[in-house]
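What follows is a single structure, written as structure tokens, with notes after it.
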Amino acid sequence: MSDDRPKSLGKYQVVEEIDRGSMGTVYLGHDPYIDRPVAIKVAHAEQLSDEESGDRFRKMFFNEAHTAGRLTHPNIIGIYDAGVDEDACYIVMEHIKGGQTLKPYTKADTLLPVEKVVEIVFKCAKALDYAHKQGVIHRDIKPTNILVTDEMDVKIGDFSIAHITKLDSTATMPMGLVGSPRYMSPEQVNEDFITNQTDIFSLGIVMYELLTGKHPFAADNFSRLVQKILNEEPPEITEFRSDLGEALVNIVKKAMAKDRDERYQMGLDLASDLSRAFDALLEEPSENISEQEQFSAVKQLDFFQGFPDAEVWEIVRAGKWQDYRDGEEIIVEGELDDSFYIIVHGTVAVRKTGKDLRTLLAGDCFGEMGYLAKTTRTATIVAHGDTSILKVNSTVISQVSLNCQVRFLKVFLRTLIHRLSVTTEKVSQEA
């Protein structure tokens, strides 16, 4: 514990030092009014008092509260408060119990399973997409600014050099050379105009490291690093990992494309590709059935009555066709996911605590609540005989046309309301 630790800051009690960084010292604190632990970042006094750079440092320090404070997302560290107590400038943040950065998992001997890497980057991409849509560009995405919790959930932090863009304009401004050089995009290195795509490039570097334990632009000095970022392609991931599928290799390449026209445009685009890759990692490949056959089978289902052919094609291409054998579990009670399932062929049983409750047929659907609220599954779904399912992920469906999304949502809500009405009537009769 540091000798200069304050006893309190504003209404917050200071318990112990957690960490020290370039901007300040982070303490574990306690909010007595809400009775919860908090993290309190206190600016370095010597940097605040510097005659030449003190004002700039103070502005940069409080920039985190100004930018991140407008964001509310489960994968972004929450900002609760900020203030000045005598000469101490502080920011009060969400405390991540047992949180550690991704840095240890960028070493070759401590890599995470591929599935976990995909999940982590997926959550980061979704969080950044949310931030970008609020007009916030992070500008300093790197392993040490991404925390993982005890349960390996993800929290993006340190928005001290983040920039708020004008939400009513696509124009951007030259930002100067700001950020961590090893994770800068080509446009950052060139001190050029930046967009949200600079964060995607940086996240691509993080993913490369998490998968390989190597930095894609390893260099001995800054000038060599800049040369590589601007002009050289990184070593192929397959040089370090032979067990990665083509989909993942292509995702990393696209995230780190030097030309912004070839890079992912939005975090949601990256998340959608990662979602498909995640499914491919966890699930056995289905039988080789053509898209035309899938379209023909889906088109005749009651669920899609009234859908134009073009929109049925969108759903087929956005969803994932899955085949199951008799007795195979499709979803499991207690699991967490955000997918919605439509039965194309065959039947399934709805099973809870080992007891079959009802049977669903072709054209029926299940998984509405998980899709809507990403809650844990309340029942297990088991295939009865050979069964084919169209799995629709909430992230992927957001990529189809707006008309298709609206039509899909109408049918989805109608199905959900019918399901709830039947349940309510059954409960009333039993009462």
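Mind listing just one residue for me: the one in segment 321-344 that is of a type outside the set (D, E, K, R) and surrounded by fewer than 15 Cβ atoms within 10 Å (Cβ to Cβ) and, of those, farthest from residue 418 (Cα to Cα)?
If we filter segment 321-344 for residues that are of a type outside the set (D, E, K, R), which is where we start, we get 321-322, 324, 327, 330-332, 334, 336, 339-344.
After this cut, where a residue has to be surrounded by fewer than 15 Cβ atoms within 10 Å (Cβ to Cβ) as well, the list is 327, 332, 334, 336.
Values: 327: 27, 332: 23, 334: 24, 336: 23 Å.
Of everything passing the filter in segment 321-344, 327 is farthest from residue 418 (Cα to Cα).
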Exercise. Among the numbered conditions (1) at pLDDT 85 or above; (2) within 26 Å of the chain's Cα centre (by Cα), tell me where residue 343 comes up short.
Key: (2)
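Just checking, which of 273, 279, 269 is assigned to a helix (DSSP H, G or I), surrounded by 13 or more Cβ atoms within 10 Å (Cβ to Cβ), free of Cβ contacts under 8 Å to residues at least 40 places away in the same chain and acidic (Asp, Glu)?
Working: 279 fails: free of Cβ contacts under 8 Å to residues at least 40 places away in the same chain; 269 fails: free of Cβ contacts under 8 Å to residues at least 40 places away in the same chain.
One residue alone meets the criteria, 273.
Quick check on my filter: what residues within segment 49-72 are of a type in the set (Ser, Thr, Tyr) and in contact with a strand residue (DSSP E or B) (Cβ under 6 Å, 6 or more places away or on another chain)?
Looking only at segment 49-72, we keep the residues that are of a type in the set (Ser, Thr, Tyr), and these are 49, 53, 67, 72.
Hit for segment 49-72 is 67, nothing else.
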Exercise. Any chance you could count how many residues in segment 301-310 are closer than 13 Å to residue 409 by Cα and not in a loop (DSSP other than H, G, I, E, B)?
Key: 2
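Taking the options 223, 296, 272, name whichever one is within 30 Å of residue 414 (Cα to Cα), assigned by TED's automatic domain parsing to the domain that holds residue 133 and at pLDDT 85 or above.
Numbers: 223 fails: within 30 Å of residue 414 (Cα to Cα); 296 fails: assigned by TED's automatic domain parsing to the domain that holds residue 133.
Of 223, 296, 272, the one residue that is within 30 Å of residue 414 (Cα to Cα), assigned by TED's automatic domain parsing to the domain that holds residue 133 and at pLDDT 85 or above is 272.
Taking into account only those residues within segment 178-187 that are assigned to a loop (DSSP other than H, G, I, E, B) and over 14 Å from residue 264 (Cβ atoms), which is farthest from the chain's Cα centre (by Cα)?
This residue is 178.
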Quiz item: What residue, among those in segment 364-406 that are surrounded by fewer than 16 Cβ atoms within 10 Å (Cβ to Cβ), in contact (Cβ under 8 Å) with a residue 60 or more places away in the chain and over 24 Å from the mean Cα position of the chain (by Cα), is farthest from residue 274 (Cα to Cα)?
Solution: 386
Quiz item: Counting residues that are at pLDDT 90 or above, among the small types (Gly, Ala, Ser) and outside the structural domain of residue 44 (by TED's automatic domain parsing), which strands (runs of 3 or more DSSP E) fully inside segment 57-156 reach at least 2?
Solution: none
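Considering only residues that are surrounded by fewer than 23 Cβ atoms within 10 Å (Cβ to Cβ) and part of a helix (DSSP H, G or I), look in segment 188-205 and name the one that is modelled with the highest pLDDT. Before the answer, list the steps.
Taking segment 188-205 as the starting set, the residues that turn out to be surrounded by fewer than 23 Cβ atoms within 10 Å (Cβ to Cβ) are 189-193, 195-197.
This time we only want the ones that are part of a helix (DSSP H, G or I), so: 189, 197.
On the way: 189: 90, 197: 95.
Ranking the candidates gives 197 first.
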Quiz item: Residues 260, 241: which one is in the same structural domain as residue 197 (by TED's automatic domain parsing), surrounded by 13 or more Cβ atoms within 10 Å (Cβ to Cβ), in a loop (DSSP other than H, G, I, E, B) and at pLDDT below 85?
Solution: 241
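Can you pull out every residue in segment 217-238 that is in a helix (DSSP H, G or I) and either under 18 Å from residue 259 (Cα atoms) or among the small types (Gly, Ala, Ser) (or both)? Talk me through it step by step, then tell me what you get.
Going through segment 217-238, the residues in a helix (DSSP H, G or I) turn out to be 222-231, 237-238.
Within segment 217-238, 223, 225, 226, 227, 228, 229, 230, 231 qualify.
Every residue, every condition in (1) closer than 26 Å to residue 250 by Cβ; (2) in contact with a Ser or Thr (Cβ under 9 Å, 6 or more places away or on another chain); (3) not hydrophobic (A, V, I, L, M, F, W, C), yes or no:
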residue	(1), (2), (3)
37	no, no, yes
45	no, no, no
58	no, no, yes
74	no, no, yes
81	no, no, yes
90	no, no, yes
122	yes, yes, no
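Quick check on residue 340: is it touching a strand residue (DSSP E or B) at 6+ places or on another chain (Cβ under 6 Å), under 21 Å from residue 410 (Cβ atoms), assigned to a helix (DSSP H, G or I) and not assigned by TED's automatic domain parsing to the domain that holds residue 123?
On the way: touching a strand residue (DSSP E or B) at 6+ places or on another chain (Cβ under 6 Å): yes; under 21 Å from residue 410 (Cβ atoms): yes; assigned to a helix (DSSP H, G or I): no; not assigned by TED's automatic domain parsing to the domain that holds residue 123: yes.
No; evaluated as a whole, the condition is false for this residue.
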Exercise. State whether one or more residues within segment 345-361 are surrounded by 12 or more Cβ atoms within 10 Å (Cβ to Cβ), in a strand (DSSP E or B) and touching a Cys at 6+ places or on another chain (Cβ under 6 Å).
Key: no
Exercise. Could you grab me the full set of residues in segment 298-327 that are more than 18 Å from residue 403 (Cα to Cα), touching a Gly at 6+ places or on another chain (Cβ under 9 Å) and hydrophobic (A, V, I, L, M, F, W, C)?
Key: 298, 301
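The values are calculated or read from the model by the stated rules, or taken from the named source; none is laboratory data. Note that the structure is a prediction, hence the values are computed from the model and not measured. Note: ideal-geometry Cβ built from the backbone for every residue, glycine included; neighbour counts use all protein chains shown.
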